[in-house]
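A short worksheet on the structure shown next.
The values are calculated or read from the model by the stated rules, or taken from the named source; none is laboratory data. Bear in mind that the values here come from a model prediction, so they are computed numbers and not experimental data. Cβ coordinates were reconstructed from backbone atoms using ideal geometry, including for glycine residues, and neighbour counts include every protein chain displayed. Remember, those area values only see protein heavy atoms, side chains included, never the ligands or the DNA or RNA. Shrake-Rupley method; radii C 1.70, N 1.55, O 1.52, S 1.80 Å.
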Amino acid sequence: MKAVTWQGRRKVSVETVPDPQILEPTDAIIKITSTGLCGSDLHLYEVLGPFLDAGDILGHEPMGTVAEVGQGVKKLKVGDRVVVPFNISCGTCFMCERGLHSQCETTQVREHGSGASLFGYTKLYGQVPGGQADYLRVPFADTLPIPVPEGPPDDRFVYLSDVLPTAWQAVEYAGIPPGGSVAVLGLGPIGDMCTRIAAHRGAGKVIGIDLVPERLARAAGHGSQVYDLSHYGDQLADAVRDATGGRGPDAVIDAVGMEAHGHAIVKTAQTLIGALPDALAAPFMKKAGIDRLGALHLAIDLVRRGGTISLSGVYGGAADPMPLLTMFDKQIQLRMGQANVRRWVNDILPLLTDGDPLGVDGFATHHLPLDQAPTAYADFQKKNDGTVKVLFNP
């Protein structure tokens, strides 16, 4: 089969690799029909190379049809249409029963002290082959894949793999009061969807902040009040406070993460560490790595006293400095974590089968064949050609 493989920093290629096989009686093989390119994939493309091997198959946002099932699979059958969550959860352990699927005790990567394994995402999360491919082996076939109805196009359902539950959890964790205000930092796929979900769930004022004109325009088109960081600069916090009664928003969602713009010294350090041999770089990143924290520090500045910050952007640094004095003084509540995909499916699925209130049908900016993945990765990272959300169609 064809698959998108990691080959080095800023280098991916489409290679012919062996087809996946049934390894356990509870496995299924999924023929992929659509699979997304995620902002988290850019962390692999740019920063997390020390935790990857050349040839690793990338991608964690797939859907398709069941091509084969193991003899122990009782609920799925060949031909069923399914979406595959990005985190690999058994559905039956202590954590899964409590809705914490990203902490699944069956698939935790204890060697690295990590939570549930992820498709297509480094040794830190199990080094499981990903879904930017023709086929994908999926464990726990009776509890992990999400069955979806025939009829609507893939674009209606594929975001159940990551974008929708990640954004839904970010808004849930933000705890926006009815009619309250929220600012979303970063209007990539997750941040954009956060603004739509927040408005759908009753936020009175939704503010979107970014640097990219196309992304600002998308959010504004769905009713957000947008601010261009490159225009406001150091005056941004004052402008947002002016728009929220002088206090700041009730909640701030950081949908940016470890590769925020700015902080050239940290960017240089990340680049230098990534250039070291893996045996040296990996332990250094785990124990002394730092992130570009511009977005997080802006969130702390923006949020009103007693408000909530919800982190959905991925941070990877073990030595990140946090302004705890300010956070304590402002009585900030902070919630974060990988999305518990399966936890939110029953809340989201009705919005996909009864109309399209979140605008998922037109959410993708690019539909591409798998062999254009190298160009798509580069364009997504550089924000070329209005690239916000890419779906590959193997």
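The figures follow:
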| quantity | calculated |
| --- | --- |
| Single unsatisfied condition, P165 versus (1) open to solvent by less than 30 Å² (accessible area, probe 1.4 Å); (2) in a strand (DSSP E or B) | (2) |
| Residues satisfying the stated conditions in the range 339-373, i.e. part of a helix (DSSP H, G or I) and open to solvent by 50 Å² or more (accessible area, probe 1.4 Å) | R342, R343, N346, D347, P350, T353, D371, Q372 |
| Boolean, S102 is open to solvent by less than 50 Å² (accessible area, probe 1.4 Å), hydroxyl-bearing (S, T, Y), within 19 Å of D142 (Cα to Cα) and not in a loop (DSSP other than H, G, I, E, B) | yes |
| Residue ID - modelled with the lowest pLDDT, chosen from residues in the range 293-310 that are open to solvent by 20 Å² or more (accessible area, probe 1.4 Å) and either of a type in the set (S, T, Y) or within 21 Å of the chain's Cα centre (by Cα) (or both) | G294 |
| Residue in the range 317-334 that is in a loop (DSSP other than H, G, I, E, B), at pLDDT 95 or above and open to solvent by less than 60 Å² (accessible area, probe 1.4 Å) present | no |
| Members of the range 208-259 that are farther than 17 Å from G294 by Cβ and in contact with a Pro (Cβ under 8 Å, 6 or more places away or on another chain) | D250 |
| Residue within the range 53-76 that is free of Cβ contacts under 8 Å to residues at least 40 places away in the same chain, open to solvent by 20 Å² or more (accessible area, probe 1.4 Å) and more than 21 Å from the chain's Cα centre (by Cα) present | yes |
| Residue satisfying all of: in the range 374-394; open to solvent by 50 Å² or more (accessible area, probe 1.4 Å) and of a type in the set (D, E, K, R); modelled with the lowest pLDDT among these | K383 |
| In the range 115-143, the residues that are farther than 22 Å from E46 by Cα and either assigned to a strand (DSSP E or B) or touching a strand residue (DSSP E or B) at 6+ places or on another chain (Cβ under 6 Å) (or both) | A116, D134, Y135, L136, R137, V138, A141 |
| Among residues of the range 3-28, those that are open to solvent by 30 Å² or more (accessible area, probe 1.4 Å) and either within 18 Å of D162 (Cβ to Cβ) or touching a Ser or Thr at 6+ places or on another chain (Cβ under 6 Å) (or both), counted | 2 |
| Long-range neighbours under 7 Å by Cβ, at least six apart or interchain, first residue under 20 Å from V84 (Cα atoms) within the range 102-127, second among the acidic types (D, E) and open to solvent by less than 60 Å² (accessible area, probe 1.4 Å) | Q127/D56 |
| Candidate set from the range 119-133 (those that are of a type outside the set (V, I, T) and on the phi > 0 side of the Ramachandran plot); member that is least open to solvent (accessible area, probe 1.4 Å) | G120 |
| Residues of the range 88-99 satisfying the condition of being on the phi < 0 side of the Ramachandran plot and not in a helix (DSSP H, G or I) | I88, S89, C90, T92, C93, R98 |
| Qualifying residue in the range 29-38 (condition: in contact (Cβ under 8 Å) with a residue 60 or more places away in the chain, farther than 24 Å from L76 by Cβ and open to solvent by less than 60 Å² (accessible area, probe 1.4 Å)) | yes |
| Every pair of residues 6+ apart whose Cβ atoms lie under 7 Å, when the first sits in the range 351-365 and is modelled with pLDDT under 95 while the second is in a loop (DSSP other than H, G, I, E, B) | T353/P149 |
